[in-house]
Amino acid sequence: MLFTTYSYFAFLLLAVAGHWLLRAPVARAVWLIACSLTFYSFTQGPFVFVLLAYVLFNWWAGMRLATLTDRGVFLRWILLANLLPLVYYKYWPTIVQGALAESGRALLATVPHAAPLGISFFAFQASAYLVDVSRGGTPITSLLDFTLFKTFWAQLVAGPIVRASEMRDQLRFRTWNTNASAAACGRIVNGLTKKIVFSDLVAPFANQAYQAAHPTFLDALFGTLAFGLQVYFDFSAYSDIAIGSAQLLGFKLPENFDWPYSARSPQEFWQRWHMTLSRWIRDYVFMPLTMHYRRNPVAARGSIVLAMALCGVWHGAGWTFLLWGLWHGLLLAANATFLRRFFSATQDIAWRRWMAFGVTFVVVQLSWIFFRAGSLAQVVDFFTALFTMRAGLQRAAVRENGIILVGLLWLGLLVAQLNRERFAAWQNKPAALIALPPLRALQLALVIVMHQNATSFVYFQF
Amino acid sequence: MQSERSLSPSKVAPRYDWSVGAEQQKYWAYIPDARKQPLVLLDGMSQIYAINEEQPGDRVTSEILDDSLQGNGMRVFSIAAPNLDNEELLFHLHALTLQPETTPKLFVVGVCFDKMRNVEVRESMRDVMAGVPALDSAWRRSSETLQGEFPELAQQMTRTLQGSRARKTVRVDQRVEQSLVRAVSRVVPVVDIRADLRAFLFEGVYLLRNRVFNIKTSTKRPILSDRYALNQQALVAAVRYAKQHGIRVLVYVIPLNRTADTPYITEQYDGFKKWLEQTAATEGAAFANLESVVLDQSWGLLYGQPDFKHFKEAGHVATANALMPLIRAQMSDSLVR
């Protein structure tokens, strides 16, 4: 069920109403689990059993793990068991295709191979839970609570990747808060605006560039900038609607985005972009690797590259995703070593701050080429077009409207970024009480008018 | 201002379809049976159906042609879409040739230079393909055949096919969604009229864009090389496809308003005309350049500026008169004298 459909809002209304009408925590938990399974099976059908298998296995594994004194070997086995379905559904076709001859590949192409939606998210979340328990964390003993933690729809399909420690207390005790609910509605409307008005509007222009057979410099430039906008608006919209929906039920989910394109260093970018994934990578991959190589400084530095390569591969089985991860890993390594002064967060000279911002912006936008391109050849083609200024100011595919729209959206985003603190402060003033409701109503009207066919979120493919 | 004629079938059977796929089944039922008499099919962009300063009783090119050629035992029908690109033209041909009763003897195409900037088969047409398995198969076969010579076009056609197939499998959740939207539309007026509001909004944005960036109908719009190449390939593929199905083809450069500045870059436009003529010769299609056939006083206004592509009824008469001998020449073996 897509967050931008009428079905979802009918579902949300029912779920929220049912939840607050029920008084007993157990009844509420059962209701939310039923809602979550309905939400998932609505589009995923039988894959709901894969999800339930994850729930039961990880609940059992967490309980068992907590009773063991030597947890290392058991942990390895259960992590492997957790990741096997992920490998099968997500990476197996690519692995097999790579190993097969041409005839075998053609045969494989005829076999349908779908993956359960959100498997990367719930597999990673489950693995993190088990690692936390192995490190001395308390397992969730109630199967009901654990099932709610794992299946809760707002965080199920594309994050935020919530930790057990963040959810544990909220699983049973939540209270209605009118102000928080009003804020949640505002947040959902913001999310819908980002997705339907901005992301869906700019997406065709990114596609125009990436579908071009011979992209010129301008095609590659505007295609890259368009995709940078699309992926940000799309994924942060999803997170806004997810967090807002959870908030209506009294849950507080962790933030996933914090103005990522305002970052002045690659490190800061990752503190602002897909924050729950970056902290997952930090805590469960980077830190253990760094600890492991603590006597070898070079290898310790290399840990970040390895961790980000894994982050890239998490997005998809392809060289382009691996390169995207490596690109960011190398940037983070540079940020931590020879470019540390350049990207210093405490820069007090304005032009140096702007320069750090500019360089970060450019390298982050360039990274989206790896992310969006369909093949390595297209990556090379795009970089060649950009850095050789292929065909000067001529365009092969991107239309004038695309250039105007991308330019205006980036300008708007830049202005919003510069004024975000002022706007946040204004929201607490009495004037905002009068101005915000009509603003939200206008936003909602715009969303309704612009809503055509609900399109999938970019991160659903991961 | 130009008007677009009512889509509702009137008392007389419609002799055109510009529902852009949305009501193709309804309108194509009115295509005169090609098994009973030779059929001429006129295809192209909005010039074919738009009438500036329309008066009651005005006729479009295909109706004028049909009225004149019926005496010669021929029927004329037109299919058009605003901003029709050549992949869509190819799509029309694939759909027409599925049945002998809609397979024309002569396919007349008004080729517009600036439409070579458009690509993709629009959703309403993909929906048609989603509901007709034979069209899906024919399209797939063509894309496979074209893979060797026109890989970019084949790839584009594959995307169209994928888009169509995605729309074909209406799952339970999509059916629920559709019912829900219909139910909400009945209660919330803004949902019901959102398509009209969207069109109104986009027109406002379009006018604002023109004002802010000083964009006029005459502002030069250069060729977009990839899109241009894709349209060239699609037109060649369309001519070849027609010939494979025993259909003769006549391509013509559409009439243009000489009193208005066009957005064309002269050298590029000249190159286009030359290419079209050469292609027609190479591919065995008839060619005509009708860019000057419509008199200066037969054009109208668009957003207060001279409309360089759409004319009054007199323009349709002039176009039909220019096409008439060409059609007769092409159909000489089928004429009833």
**OP:** Kindly list, by first and then second residue, each pair from a residue in segment A:32-51 that is at pLDDT below 90 to a residue that is surrounded by fewer than 20 Cβ atoms within 10 Å (Cβ to Cβ) and of a type in the set (Asp, Glu), limited to pairs with Cβ atoms under 6 Å and residues at least 6 apart or on different chains.
**Re:** A:42/B:173; A:43/B:173
Original post:
Taking the condition closer than 24 Å to residue B:119 by Cβ and either without any contact (Cβ under 8 Å) to a residue 24 or more places away in the chain or surrounded by fewer than 16 Cβ atoms within 10 Å (Cβ to Cβ) (or both), does residue A:349 pass?
Top reply: no
**OP:** Quickly run through segment B:153-167 and pick out the residues that are within 12 Å of another protein chain (Cβ to nearest Cβ) and among the small types (Gly, Ala, Ser).
**Re:** B:154, B:163, B:166
Original post:
Which of the residues belonging to segment B:213-238 are free of Cβ contacts under 8 Å to residues at least 24 places away in the same chain and more than 9 Å from chain A (Cβ to nearest Cβ)?
Top reply: B:214
**OP:** Test residue A:280 against the criterion of being under 25 Å from residue A:457 (Cβ atoms) and not polar (S, T, N, Q), and give yes or no.
**Re:** yes
Subject >> Filtered residues of segment B:105-146 (kept if more than 14 Å from chain A (Cβ to nearest Cβ) and polar (S, T, N, Q)) >> reply: B:137, B:142, B:143, B:145
Original post:
For residue A:209, are the conditions met, namely being within 13 Å of chain B (Cβ to nearest Cβ) and not basic (Lys, Arg)?
Top reply: yes
Original post:
Can you name the residue in segment A:260-278 that is without any contact (Cβ under 8 Å) to a residue 60 or more places away in the chain and surrounded by fewer than 19 Cβ atoms within 10 Å (Cβ to Cβ) and, of all such residues, is farthest from the chain's Cα centre (by Cα)?
Top reply: A:271
**OP:** Could you check segment B:37-121 for strands (runs of 3 or more DSSP E) lying wholly inside it with 1 or more residues that are in contact with a His (Cβ under 7 Å, 6 or more places away or on another chain)?
**Re:** B:39-44, B:75-80
Original post:
How about segment A:383-420: which of its residues are more than 14 Å from chain B (Cβ to nearest Cβ) and either crowded, with 19+ Cβ neighbours inside 10 Å or over 15 Å from residue A:228 (Cα atoms) (or both)?
Top reply: A:383, A:384, A:386, A:387, A:388, A:389, A:415, A:416, A:417, A:418, A:419, A:420
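For segment B:192-199, does any single residue satisfy the condition of being outside any loop (DSSP other than H, G, I, E, B), surrounded by fewer than 17 Cβ atoms within 10 Å (Cβ to Cβ) and within 9 Å of chain A (Cβ to nearest Cβ)? Can you show your working first?
Step one: of segment B:192-199, the residues outside any loop (DSSP other than H, G, I, E, B) are B:192, B:194-199.
Among the residues that remain, those that are also surrounded by fewer than 17 Cβ atoms within 10 Å (Cβ to Cβ) are: B:192, B:195-196, B:198-199.
From the residues that got through so far, the ones that are within 9 Å of chain A (Cβ to nearest Cβ) too are B:195, B:198.
For segment B:192-199, residues outside any loop (DSSP other than H, G, I, E, B), surrounded by fewer than 17 Cβ atoms within 10 Å (Cβ to Cβ) and within 9 Å of chain A (Cβ to nearest Cβ): present.
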Original post:
of a type in the set (Ser, Thr, Tyr) and buried (at least 17 other Cβ atoms within 10 Å of the Cβ), is that true of residue A:337?
Top reply: no
Original post:
Do the conditions hold for residue B:177, that is, is it of a type in the set (Asp, Glu), in a helix (DSSP H, G or I), more than 9 Å from chain A (Cβ to nearest Cβ) and free of Cβ contacts under 8 Å to residues at least 12 places away in the same chain?
Top reply: no
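The values are calculated or read from the model by the stated rules, or taken from the named source; none is laboratory data. Since the model is a prediction, treat every value here as computed from it, not as a measurement. A quick note on method: Cβ atoms are made from the backbone with ideal geometry, for glycine too, and the neighbour counts reach across all protein chains shown.
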